[in-house]
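Everything below concerns the one structure shown next.
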Amino acid sequence: MKTVLYPGSFDPFTNGHLDLVERAGLLFDRVIVGVAVNAAKSPIFTMQERCDLIRESCAALEHVEVVAIDGLLVDSLERLGADAVLRGLRAFSDFEYELQMALLNRNLKRQCETIFMMPTLKNSFVSSTLVKEVARLGGNYQEYVPMPVARALGKKLGVEK
Ligand code: PNS
């Protein structure tokens, strides 16, 4: 039974994230989406809202769990009995930060392995930050996020169409 922990701030969960959860489900028996606090970011959705939206977005997928995590990622990995961390890589620009995190996590816990997966090309330029910006500026954000997220984002930003 192999379990992977997919951590992130998911503010909000995008089609790129969903793509990765689906891909991970083909390789692992259990995929845990760990909704975390990123000290460098101020989310617009609460932890509870983010967890609920991911649950709704992944409702059709089996063996996917969504949990809120806090503290060090390596401690959550151990507590949840996960075998590896999953992170998405979209572009070269992601690489430096991801490499740093993966190496730091392995330094904190020797057995902490990070696996990187790439989303499909059409999701490669999607990021939570850009989706929020497009939505705020009146653009068409709905095609980049699962339906429950599109509804919630429209409401949250007062830009429902
Ligand atoms: O989606 P994000 O914001 O890029 O996710 C970053 C996240 C939440 C995975 C990262 O900030 C994290 O692991 N936070 C938990 C605290 C921790 O362990 N920090 C050291 C990681 S190198």
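So what's the Cα pair-distance distribution over the range 80-161, bin width 5 Å, in %? With a bin width of 5 Å, the distribution comes to 3, 13, 19, 15, 13, 14, 12, 7, 3, 0. Based on the Stokes-Einstein relation at 4 °C and a viscosity of 1.567 mPa s, and on the Kirkwood radius from alpha carbon pairs, the range 42-84 is assigned a translational diffusion coefficient of 109 µm²/s. The range 3-45 and the range 113-161 have Cα centres lying 14 Å from one another. Mean separation of Cα pairs under 8 Å and 6 or more residues apart, divided by the residue count, gives the range 83-161 a relative contact order of 27 percent.
For the chain, hydrophobic long helices are taken as DSSP H runs at least 24 Å long by C-alpha position along their axis with mean Kyte-Doolittle hydropathy of -0.5 or more; these are 92-108. Panel note: the C-alpha atoms of the chain, placed on their principal axes, show extents of 48, 32, 30 Å (largest first).
Heavy-atom accessible area for M117, with the other protein chains in place and a 1.4 Å probe, reaches approximately 30 Å².
Here the simple spin-label model places points 7 Å from the Cα toward Cβ, and for N140 and K109 these points are separated by 4.3 nm. From largest to smallest, the equivalent ellipsoid semi-axes obtained for the range 12-83 from the alpha-carbon gyration tensor read 19, 17, 10 Å.
The values are calculated or read from the model by the stated rules, or taken from the named source; none is laboratory data. Note that the structure is predicted; figures quoted are calculated from it, not measured. For neighbour counting, all protein chains shown are included, and Cβ atoms are generated from backbone atoms with ideal geometry for every residue, glycine included. Ligands, DNA and RNA are excluded from the accessible area calculation, which covers all protein heavy atoms including side chains. Shrake-Rupley method; radii C 1.70, N 1.55, O 1.52, S 1.80 Å.
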